[in-house]
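Just below is one structure, and these are the notes that go with it.
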Amino acid sequence: MTLPWTLADPLIVDRSAERRELDMSHADAVIVREGAVLAVDGRLVEVPASERPPAALVVYLGSDAGRDLVAVVPEDHGFGAERMVGLRDLMHAFAGRGDEGARDRELAATAVALTTWHANHPRCSVCGRPTEVTRGGWVRRCEADEREHYPRTDPAVIVAITDAADRLLLAHASYWSPRRYSHLAGYVEPGESLEQAARREVGEEAGLTLGALEYVASQPWPFPASIMVGFHATVADPTLRLDQDEITDARWVAREELDAIVESGEVILPPAGSIARSLLDEWVAG
Ligand SMILES: [Zn+2]
């Protein structure tokens, strides 16, 4: 599968874990706050070290061609306020800019994922005391019981499902905006494999029994802490039994009817830059 955001390639920015303990006052900064990053015209802004605002939190992102980069959460909530853009809204712009956009996506996704984790996990999950930021922002440490806490990534599966006629299943979830359709997806639960999670979710949500499952690609999805793991699967029996709580509509779509239902506004597809859209584009391309 050809990913528009080069997710199958090595990381673009070297995370340089050995530099996480160092003073980073010389580093240029990505500005991030509450899931939004400082961006202009769909491009991530990197603020020179000399112009960095006073920080509530600094996280080391890595070194790019010998240049250190950090994510900074400004103390002043008003800093850059008019240029802060939600990462979800930037994914489309990043995806349209090739390798340069892939670099921005990588930095922004890491910055948002880490700073959101800090915001949501200020205390030790064992004893409840406040924890300290350490190792460049990649660990929080509890001084009371010496436990170290690491940022989490929660796996979720997303499955592009086709039937024997090569029609694609498009589903609408109750919590999505009207007419928005995508593939079935869900979180992996403790004690199951990715494949088992895919089979269980699809069974629960649509009453389908998946045949062969094929791994396609994955995408970090820091909203707030997921990685989406994409599969393709086929079903022998396309009979739908929707759970109606979570999935309120689903339909089998043939390639030749997709354009018409999109143009009429009957169906809104997942946005460019998401793995959901890439899975769909792959099916369209046959
Ligand atoms: Zn503790």
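So what is the calculated 222 nm ellipticity per residue for the chain, using -39500 (n - 2.57) for each DSSP H run with n of 4 or more, over all residues, to the nearest 500 deg cm²/dmol?
Result for the chain, helices only: -7000 deg cm²/dmol.
So what are the ³J(HN,Hα) numbers for segment 250-267, from phi and the Karplus equation (6.51, -1.76, 1.60; θ = phi - 60°), rounded to whole Hz, Gly and Pro as x?
Whole-Hz 3J(HN,Hα) from phi for segment 250-267: 7, 8, 8, 10, 8, 3, 6, 9, 4, 4, 5, 6, 6, 5, 6, x, 5, 10.
I'd like the Karplus ³J(HN,Hα) series for segment 114-120: coefficients 6.51, -1.76, 1.60, θ = phi - 60°, whole numbers in Hz, and an x wherever there's a Gly or Pro.
Computed from phi, the couplings for segment 114-120 are 5, 6, 5, 4, 4, 4, 8 Hz.
Modelling each spin label as a point 7 Å along the Cα-to-Cβ direction, I'd like the His121/Asp237 distance in nm, to one decimal.
4.2
Not counting ligands, DNA or RNA, and with a 1.4 Å probe, what is Asp89's accessible surface area in Å² rounded to the nearest 10?
Taking all protein chains as shown, Asp89 has close to 120 Å².
What distance in nm separates the simple spin-label points at Ser193 and Ala165, each placed 7 Å from Cα in the Cβ direction?
3.3
Along the charge dipole of the chain, Cβ charges K/R +1 and D/E -1, which of Gly101, Leu61, Gly207 sits furthest on the positive end?
It is Leu61, whose Cα lies furthest towards the positive end.
Restricting to the chain, what percent of DSSP beta bridges are antiparallel, rounded to 5? Working shown, then result.
Values: 45 of 59 bridges.
Bridges in the chain are about 75 percent antiparallel.
In segment 161-216, which chymotrypsin sites (Phe, Trp or Tyr not before Pro) are in a loop and have at most 12 other Cβ atoms within 10 Å, using DSSP for the loop call? Before the final figure, lay out each step's value.
On the way: sites: Tyr175, Trp176, Tyr181, Tyr187, Tyr215; in loops: Tyr175, Trp176, Tyr181.
Loop-located and lightly packed - Tyr175.
Note the full-extension length gain between Ala17 and Asp249 as 0.36 nm times their separation in residues minus their Cα-Cα distance, in nm to one decimal. Could you put the intermediate results ahead of the total?
Values: separation 232, 0.36 × 232 = 83.52 nm, distance 4.59 nm.
Taking 0.36 nm per residue and subtracting the Cα distance, the gain is 78.9 nm.
Taking 0.36 nm per intervening residue step and subtracting the Cα-Cα distance, what contour gain separates Glu51 from Tyr215 on full extension?
Additional length available on full extension: 54.6 nm.
At 1.4 Å probe size, with every protein chain present, just tell me what the per residue accessible area of the chain comes to in Å².
In whole numbers, the chain has 49 Å² accessible per residue.
Given a 1.4 angstrom probe, I'd like the percentage of the accessible area of the chain that is carbon and sulfur, rounded to a whole number.
It is 50 percent, rounded to a whole number.
If the only charges are +1 at each Lys and Arg Cβ and -1 at each Asp and Glu Cβ, what is the size of the charge dipole of the chain around the Cα centre, to the nearest 20 debye?
The calculated dipole for the chain is roughly 480 debye.
Would you calculate the separation in nanometres between label points at Arg200 and Arg147, each defined as 7 Å from the Cα along the Cα-to-beta-carbon direction?
Label-label distance for Arg200 and Arg147, simple model: 2.4 nm.
Say we join alpha carbon atoms closer than 10 Å with springs in a Gaussian network model of the chain; which of Ala71, Ala272, Ala29 then has the biggest fluctuation?
Evaluated over the chain, the most mobile residue of the options is Ala272.
The values are calculated or read from the model by the stated rules, or taken from the named source; none is laboratory data. Since the model is a prediction, treat every value here as computed from it, not as a measurement. Glycine gets a Cβ as well: all are built from the backbone with ideal geometry, and neighbour counts include every protein chain shown. Surface areas here come from the heavy atoms of the whole protein model, side chains and all, with no ligands, DNA or RNA. Shrake-Rupley method; radii C 1.70, N 1.55, O 1.52, S 1.80 Å.
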